[in-house]
Amino acid sequence: MKYRPLLRAFFIASCLLFVLQGSSLAKEKLEITHGPYLVEPAEDGMTIVWFTNKPCLSWVEYCGEGNFGTFPQWGGYPEIAKSSTNGLIDANSTMHSIRITNLEAGTLYKYRIVSKEILQYDPYEVIYGDSTVDEIYEFETLNTQKTHFSFGAITDMHERAAALDALLQVSPVDSMDMVFYTGDMLNWIGSEERIFDGLIDVSVDHFAKTKPFILTRGNHETRGPNARDLFPYFPHSSGKYYYAFSHGEVRFIVLDCGEDKPDTHPVYAGLVDFDNYRSEQAEWLKKEVNSEEFKNAKYKIALFHIPPFTGRGHGGIDLTEKWGPTLNEADVDLVVSGHHHRFNIMEAREDLNTFPVLILGKDMMLKADVSPEQLSLSIKDIKGELVDELIIPRK
Ligand SMILES: [Fe+2]
């Protein structure tokens, strides 16, 4: 009995703590916690992704270069893009992913993101709270008529954000239209904080608000308990990690290599099916190289994490057998890959690869300059010093 007052005091203290915690959470200011960043660039669209600390309804306000004088003053009437799925506007989430469509090719757009807190979401009553409005940023849509442009590629940074930061500091990202991350930018997929800390935040700091990046999934991004939840962070309207798109005179093909070891290897615990997945992509690739967009392109560049034609590892051998003949027959100009952590350029070889395979090493960046005459590749290390160069003449 003598313990009863003590128990009562403990109960009251617990209740007070609960109430105080609740009220401090409620008073926490609505904030944009990560992003915005741009993915899936196209001639007629762009996807913008960001995150907030509280569930929100979100949208993007934007306008084309003809109306910059009045944006965002409301006399200019910006366009507004929201995202909806099966008739419901995407809302009540801390992740916000909105694709702007019906844009003009090769056009500069200003945009800003807006998130409005949902305080309470009941079946017949929704109560909104504060809104947060970010700064205005710009992006440019892709343009197949563009004759000169540059793009970048980085690989295998394995969540080393400080190294990625250093690399981006010495890299001329401002002069590039997009950056490819050719896989293993993360070690494995667990909490979303790993994705932010290891890759997204540093990309946003340097360029991703105004230039898109394209993640070519590496084998490490297929690992971990949350690997199946990664896609929304790098969304693509195809619903796939493999797809193709055009910019300037280039057709870019992004493929998804899968794991390096056999599907039956014990480390995968019976949870992967990459042989079939690479076969699925082989069928897609055959259709892609017969498309008008592919045939009309002057340069064809494929990007995937595990390099082909090395004879190393089950994944590399399997994708070489399944994708290699198509890439050869389609007269691809270049494959950009990583995975080995060691730089190498495999020149075209008779009866093997009919195109150079660039194997980027870790802590280096490719800058590729595209012109009507040639592809000019320049690879620099984390100190900004030249590693190698390669000219690929127009065929
Ligand atoms: Fe890898």
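The values are calculated or read from the model by the stated rules, or taken from the named source; none is laboratory data. These numbers come from a predicted model, not from an experiment. Virtual Cβ from ideal backbone geometry, glycine too; neighbours counted across all protein chains shown.
Condition first: buried (at least 20 other Cβ atoms within 10 Å of the Cβ) and either among the β-branched types (Val, Ile, Thr) or more than 14 Å from the ligand (Cβ to nearest atom) (or both). Now tell me which residues in the stretch 309-321 satisfy that.
Phe309, Asp318, Thr320
When both residues are 6+ apart or on different chains and their Cβ atoms are under 6 Å apart, which pairs have a first residue that lies in the stretch 152-163 and is of a type in the set (D, E, K, R), and a second that is at pLDDT below 95 and part of a loop (DSSP other than H, G, I, E, B)?
What qualifies is Asp156/Lys362.
Go through the stretch 269-358 and tell me which strands (runs of 3 or more DSSP E), entirely inside it, have 1 or more residues that are among the polar types (S, T, N, Q) and at negative phi. Please lay out each step first, then the result.
Values: elements: 299-303, 334-337, 344-346.
Fully inside the stretch 269-358 and qualifying: 334-337, 344-346.
At least 2 residues that are within 16 Å of the ligand (Cβ to nearest atom), surrounded by 20 or more Cβ atoms within 10 Å (Cβ to Cβ) and of a type outside the set (A, V, I, L, M) in each: list the strands (runs of 3 or more DSSP E) lying fully within the stretch 134-217 that qualify.
Because the criterion is at least 2 residues that are within 16 Å of the ligand (Cβ to nearest atom), surrounded by 20 or more Cβ atoms within 10 Å (Cβ to Cβ) and of a type outside the set (A, V, I, L, M), the strands (runs of 3 or more DSSP E) in the stretch 134-217 that meet it are 178-181.
Give all pairs with beta carbons closer than 6 Å in which a residue from the stretch 166-180 that is assigned by TED's automatic domain parsing to the domain that holds Asp363 meets a residue that is aliphatic (A, V, I, L, M); count only pairs at least 6 apart in sequence or on separate chains.
Close Cβ pairs satisfying both conditions: Ala166/Ile382; Leu167/Met365; Leu167/Ile382; Ser171/Met365; Phe180/Ala153; Phe180/Ile214; Phe180/Leu303.
Mind checking which residues of the stretch 362-381 are outside any strand (DSSP E or B), surrounded by fewer than 17 Cβ atoms within 10 Å (Cβ to Cβ) and touching a residue at least 40 places away in the same chain (Cβ under 8 Å)? Outline the logic, then answer.
Step one: list which residues in the stretch 362-381 are outside any strand (DSSP E or B), which gives 362-363, 371-373.
Right, trim to surrounded by fewer than 17 Cβ atoms within 10 Å (Cβ to Cβ) and you get 371-373.
Answer for the stretch 362-381, where residues must be outside any strand (DSSP E or B), surrounded by fewer than 17 Cβ atoms within 10 Å (Cβ to Cβ) and touching a residue at least 40 places away in the same chain (Cβ under 8 Å): Ser371, Pro372.
Within the stretch 198-212, can one find any residue that is assigned by TED's automatic domain parsing to the domain that holds Thr310 and under 24 Å from Thr320 (Cβ atoms)?
No, the stretch 198-212 contains no residue that is assigned by TED's automatic domain parsing to the domain that holds Thr310 and under 24 Å from Thr320 (Cβ atoms).
Among the numbered criteria (1) without any contact (Cβ under 8 Å) to a residue 40 or more places away in the chain; (2) in a loop (DSSP other than H, G, I, E, B), which single criterion is violated by Asn102?
(1)
May I ask you to list the residues in the stretch 218-234 that are assigned to a loop (DSSP other than H, G, I, E, B), away from the ligand (no atom under 16 Å from the Cβ) and surrounded by 18 or more Cβ atoms within 10 Å (Cβ to Cβ)?
The one that is assigned to a loop (DSSP other than H, G, I, E, B), away from the ligand (no atom under 16 Å from the Cβ) and surrounded by 18 or more Cβ atoms within 10 Å (Cβ to Cβ): Phe234.
Which one of these is within 16 Å of the ligand (Cβ to nearest atom) and among the acidic types (Asp, Glu): Asp273, Asp260?
Matching residue, one of Asp273, Asp260: Asp260.
Quick check on Ser237: is it away from the ligand (no atom under 16 Å from the Cβ), under 11 Å from the mean Cα position of the chain (by Cα) and either closer than 15 Å to Met46 by Cβ or modelled with pLDDT of 95 or more (or both)?
Details: away from the ligand (no atom under 16 Å from the Cβ): yes; under 11 Å from the mean Cα position of the chain (by Cα): no; either closer than 15 Å to Met46 by Cβ or modelled with pLDDT of 95 or more (or both): yes.
No; evaluated as a whole, the condition is false for this residue.
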